[in-house]
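Inspection log for the structure reproduced underneath, given as structure tokens.
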Amino acid sequence: MTKSAAIHSFEPPRRTLMGPGPSDIHPRVLAALARPIIGHLDPAFVEMMEELKSLLRLAFLTQNELTFPVSGPGSVGMETCFVNLVEPGDKVIVCVNGLFGTRMVDNVRRCRGEPIVIEDAWGEPVDPNKVEDALKHHPGVKVVAFVHAETSTGVVSDAKTLAEIAKRQGALTLVDAVTSLGGSELRVDDWGLDAVYSGSQKCLSCVPGLSPVTFSPLAVESVKKRKHPGQSWFMDLTLVLGYWSAGRRTYHHTAPINALYALHEALVLLAEEGVEQSWQRHRAMHERLKAGLERLGLDFLPAAPYRLPQLNAVRVPAGVDEAEVRRRLLTEYDLEIGAGMGQLAGKIWRIGLMGYGARTENVERCLSALAAVLGH
Ligand SMILES: *Cc1c(COP(=O)(O)O)cnc(C)c1O
């Protein structure tokens, strides 16, 4: 028998996570992960999943029947929305104002849809006027897709207005709410959003690997009316539906059982706090961080009205080695903040105040570490 003498159990370092996700996890959520596993067709598990679905409806502020966590990270939630709604030849308006918008364009192409790309600068919100113009110039657009909270730039777009415009022209909305869910105002039903996906590891402060999604009755109807089955077996909603319905639960795939306990607990925490109260807490922590950053002479990439409280995109001052600052924060203070991506690489830091991480002690820890590293 061969034994490996050198490799032992993995013990991760203790970090404070203040980047673009994953975010710090509440001890109650970590404890939920360690509970005993049961079968995924066990009646107790099915009951837990029913609670999970109603907790998700509360978080999304929706009555949508089809609301559940996809087994996979936010990116799988994104693909689930695209592969179900977009058929070959479908025209899809995609708003791009950061990295995640570019991924949406990719998704439309891979579904062999026709993307109509509307661009805004990285650091600016999606311009509703451009969307309105595009809808007028391209009759028969099926879907308008946009990112509500662009994590790559720290910008929030006006999902309510964008959805109103899309609705007026009879288009469905497909919305990335990975970073907004739980962290800033998101009202799926009031705003009339049709297909929305999120992630577990941002403002829900759960483990990565789950993607809550919700589909309006209109979106479900559109999926049912497809001419051809979608190219993905795993993400085909008409197949997954049976697995997620309590009444007719049959095997589809094995759910990530313990991760779902964790999501359930994270959502119980959100329900205990109140969804709107959680948005307010993120806002309050952002204000506190902003005041401190300004004292350090740092400013934000986005203009004030479009800043995400949960993802602070801060300009790197001239002459500062941004990677060295992040390295020192990590090694000397066990504090992780994010770097810029794509065209913003080297130009910004991304400081996350997400979920359990949106606390006074984290804001203060980050400000004092930054002050020390920047030599203030
Ligand atoms: C993080 C993120 C994603 C992708 O989520 P993963 O869980 O990393 O797959 C998608 N969109 C936005 C806006 C994100 O912030």
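The values are calculated or read from the model by the stated rules, or taken from the named source; none is laboratory data. Note that this is a predicted model, so its numbers are computed, not measured. Heads up, the Cβs are rebuilt from the backbone with ideal geometry, glycines too, and the neighbour counts pull from every protein chain shown. Just so you know, the surface numbers come from the protein's heavy atoms only, side chains and all, with ligands and any DNA or RNA stripped out. Shrake-Rupley method; radii C 1.70, N 1.55, O 1.52, S 1.80 Å.
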For Lys227 and Leu239, extending 7 Å from Cα along the Cα-Cβ vector and measuring point to point gives, in nm, a value of 2.2 nm
Carbon and sulfur: what percent of segment 28-271's accessible surface (1.4 Å probe)?
-> 55 percent
How fast does segment 182-265 diffuse by Stokes-Einstein, in µm²/s, taking the Kirkwood radius from C-alpha pairs at 20 °C and 1.002 mPa s?
-> 145 µm²/s
Based on the Cα coordinates of segment 266-376, what is the per residue volume of their convex hull in Å³?
-> 112 Å³
For segment 311-376, shape from the Cα gyration tensor axes a ≥ b ≥ c, cut at a/c of 1.5 then a/b versus b/c, turns out oblate
Virtual spin-label span in nm between Asn258 and Ala44, 7 Å along Cα→Cβ | 1.6 nm
Counting every Cα pair in segment 191-343, what percent are over 19 Å apart?
-> 71 percent
Applied in sequence order to segment 237-249, the curve 6.51 cos²θ - 1.76 cosθ + 1.60 (Karplus, θ = phi - 60°) yields integer Hz couplings, x standing for Gly and Pro, of 4, 5, 8, 5, 3, x, 5, 8, 8, 4, x, 10, 6
Kirkwood hydrodynamic radius (C-alpha pairs) into Stokes-Einstein, the chain, 20 °C and 1.002 mPa s, D in µm²/s = 100 µm²/s
Cα-based Lys pair tally, the chain, threshold under 22 Å, eight or more apart or on separate chains = 25
Hey, rough spin-label estimate for Asp106 and Phe10, points 7 angstrom out along Cα→Cβ, what's it come to in nanometres?
-> 2.4 nm
Could you check what % of the DSSP bridge pairs in segment 56-182 are antiparallel, to the nearest 5?
-> 10 percent
3J(HN,Hα) from dihedral phi, segment 166-177, Karplus parametrisation 6.51/-1.76/1.60, rounded to Hz, x for glycine, proline | 4, 4, 4, 9, x, 9, 7, 9, 10, 10, 8, 10
Mind jotting down the distance between the C-alpha centroids of segment 105-159 and segment 267-294, whole Å?
-> 28 Å
